[in-house]
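Quick notes on the structure that follows.
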Amino acid sequence: MLLADFRSSFSLLEGIYSPQEILTHINKYGFSSVIIADTNNFYALPQIISLSKKHPDVIYGGVRIRYSKKRVTPTLLAIPIDQNGFSNAFNIISHINTTCNIEETEFIDYIAKKTEGIIFITSDIRLARQLREITTDIYWGINQKNINELPVAREERIQPVLIQDTIFLSPDDITAGIAIRCIASKKRYDELSHLKEELKYHLIQSEAELNSRFSHIPEAIENLKHINSLLKKINYSFKLLLPGCDIKNADFLLKRLAFKGAKKRYARLSEEITNRLNYELKIISHKEYSGYFLIVSDITAQTDLTCGRGSAAASLVSYCLGITNVDPVKHNLMFERFLNPERSDPPDIDIDFAWDEREKIINYIFNKYHEKVAQVSNHNTFSSRLSIREIARIFGFSERDIKEIVAKIEPLLGVEDDKLKEIINSDEEIKRILAEKRIRDTFKIARRISKNMRHLSTHCGGIIISDRDIRDTAPIEITGGDRFVIQWDKDDIEEMGLVKIDILGNRSLAVIRDAVGMIRRNYGIDLERMKIVYEDDPMTRDLIKNGNTIGVFYIESPAMRQLQKKTNVADFEHIVIHSSIIRPAANRYINEYVERLKGKHYTPLHPSLTGLLSETYGIMCY
């Protein structure tokens, strides 16, 4: 059985199907496996790897390279066959996406240094001829359009391979293909309707059709089978890359800093604190996370006011390094909630900075780590409303009509097919609206593309720091802020072995900083923040008990303030419970919690949970 190749919806405004959709359908056409190769990006690679774990030897990742965005150039399909190949492919794509107006000679010179571990295929015989000078792993991709050039390829001994550059599974979806190209070029549908014949070349053909059509070129089919056999040997397991993994003597440096910080945090290092520090440091060292903690500690040291939050607050090492400001010993927080010896999850530390200092911190990181650092991206999708608006616009509807169309059909976009038929048959107005072909086409295409990626943006806080040039680790682009941004979003980076550090902006920290500054200037009182125990101050506790916490980060929502009034408690432990249990789905349990807090008798869910849930009065909350 043959190997298919596809451009997915991650070929922005070119492809229309997700990798999962493509994988679901290829068997129907007789193909045993598929390469997803999108244009100048690896956006889909984490999804491909995730799918390959469930469907081994069926789905693979590659990339279609266009070296110039300014003019039409031959397309080059690059298929990595090992980890080194992926690293080289990431470099090539990064170079294209961060360099303007690349000429062909410059492009050839660049990839000449990055060919190891990559199979290259191009349907342009001239480009194949040039690439043959720099790599032996070059094939000429034969298809319906260029088959007449076969004698030239054979004469020059350039190996042919059967490759189709598939985009569409159904002729009906070619209309959607034209529509998204109209969006890309800001043209109306009638201006690009002539593309229908051109796009038919990208319609899937079955394995039987291909074997029949190209049976007189057996070497093209055999070469495709050979490539498929190489792909089956790929190991898609990317090694975990932690920031700071290249720091020498990291264990020793971290231990020294942690105990130095402990002496500042505590008047006396008790046996409990010493034992806990040593225990945490041992686990951190065993998991090779010491460098990561050193980097995070260095970042937080760049300003006087930070707040590490999340499960990191359960770490005494984090507390002693100044990453967090909650004493985990005093509040009986379990380190295993943050790092568990039995689990492989990497540490995840979110750090808040005053909102107007965040940019300074990010600049510090980029200036220190230079080409080893990049920000995490967001994959922004069309959304229901935007997909309808954009498609309706290319079909020539006025702004007034578009608003009406959006109002009528947007609620139907996510409805399942069976339910949709029922709604249309029972609603005369919907039936009337969809009777018009342009609106019906708008609806069908919007349903097809509404969940597809529209463009890349920058994640609000995620930073990736590598131990080498970031382009060896991940494909990158440059955003409007002129910084490197990796092509994967926050939900995908873990699949690729990357760990982010979140650098977040917090207005409350700026308020605290400014208030301390004003008190110092106006009253001559220098508040040493580290020596203030907020939860032990009677006036502060009264404000929290009465729900007077507007402007206080994390406990200022109306629901939280109402809960504080009902419970009339303000100790730290109860505030933690309240901020955890305040969820819309938990209202029934919130009322039960308040009653139990005030003395209502209850029976534990199970005897083994008696001690575990004693602090929350037998109610589970996260």
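The values are calculated or read from the model by the stated rules, or taken from the named source; none is laboratory data. Small disclaimer: the values here were computed from a predicted structure and weren't measured. Cβ atoms come from the backbone with ideal geometry, glycine included; neighbour counts cover every protein chain shown. Just the protein is used for accessible areas: all its heavy atoms, side chains included, with ligands, DNA and RNA removed. Shrake-Rupley method; radii C 1.70, N 1.55, O 1.52, S 1.80 Å.
So the values come out like this:
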read-out	value
Anisotropy class of segment 428-576 from Cα gyration tensor, a/c 1.5 cut	oblate
Restricting segment 228-271 to trypsin sites (Lys or Arg not before Pro) in coil, as DSSP defines it, with at most 16 other Cβ within 10 Å	Lys232, Lys233, Lys239, Lys248, Arg268
Mean Cβ count within 10 Å, highest first, over the residues of peptides 53-60, 306-313	306-313, 53-60
Cα-based shape type of the chain, given that a ≥ b ≥ c are square roots of the gyration tensor eigenvalues and the cut on a/c is 1.5	prolate
Length added when fully stretched, Asp82-Lys368, from 0.36 nm per residue minus Cα-Cα	99.8 nm
Nonlocal amide H pairs with Ser18, under 5 Å, H built at 1.01 Å	Ser9
Segment 199-216 - phi-based ³J(HN,Hα) in whole Hz, Karplus 6.51/-1.76/1.60, Gly and Pro as x	6, 5, 5, 9, 7, 4, 10, 6, 4, 4, 5, 5, 4, 5, 6, 10, 5, 7
Cα centre as origin, Lys/Arg/Asp/Glu Cβ charges: the chain dipole, Debye	1000 debye
Gain in span if fully extended, Leu386 to Leu605, counting 0.36 nm per residue against the direct Cα distance	74.1 nm
Net charge dipole size for segment 1-116 [Lys, Arg +1 and Asp, Glu -1 on Cβ; Debye, nearest 20]	240 debye
Filtered GluC sites (Glu not before Pro), segment 533-622: DSSP coil and at most 16 other beta carbons within 10 Å	Glu556, Glu615
Estimated FRET transfer efficiency when R0 is 35 angstrom, pair Lys360-Glu21 (beta carbons, to 0.05)	0.20
Estimated FRET transfer efficiency (Glu399, Ser193; beta-carbon r; R0 22 Å; 0.05)	0.45
On Cα atoms only, tilt of 507-523 relative to the major axis of the chain in degrees	40 degrees
Segment 555-595 versus segment 321-385: alpha-carbon centroid distance in Å	27 Å
Three-way shape call for segment 208-273 based on the alpha-carbon gyration tensor, with the a/c threshold at 1.5	prolate
Estimated [θ] at 222 nm from DSSP helical runs (n ≥ 4, -39500 (n - 2.57)) normalised by residues in the chain, nearest 500	-12500 deg cm²/dmol
Computed lengthening from Glu116 to Asp418, 0.36 nm per intervening residue step minus Cα-Cα distance	103.7 nm
Accessible area per residue, Å², the chain with all protein chains present, probe 1.4 Å	50 Å²
With Cα atoms, 0 to 90° folded angle of helix 358-369 axis to the chain main axis	60 degrees
The chain - percent of accessible surface contributed by carbon and sulfur, probe 1.4 Å	51 percent
Amide H contacts of Thr75 (H built 1.01 Å from N, under 5 Å, at least 5 apart or other chain)	Ser123
Cβ-Cβ FRET estimate between Lys233 and Ser32, R0 fixed at 22 Å, reported to 0.05	0.90
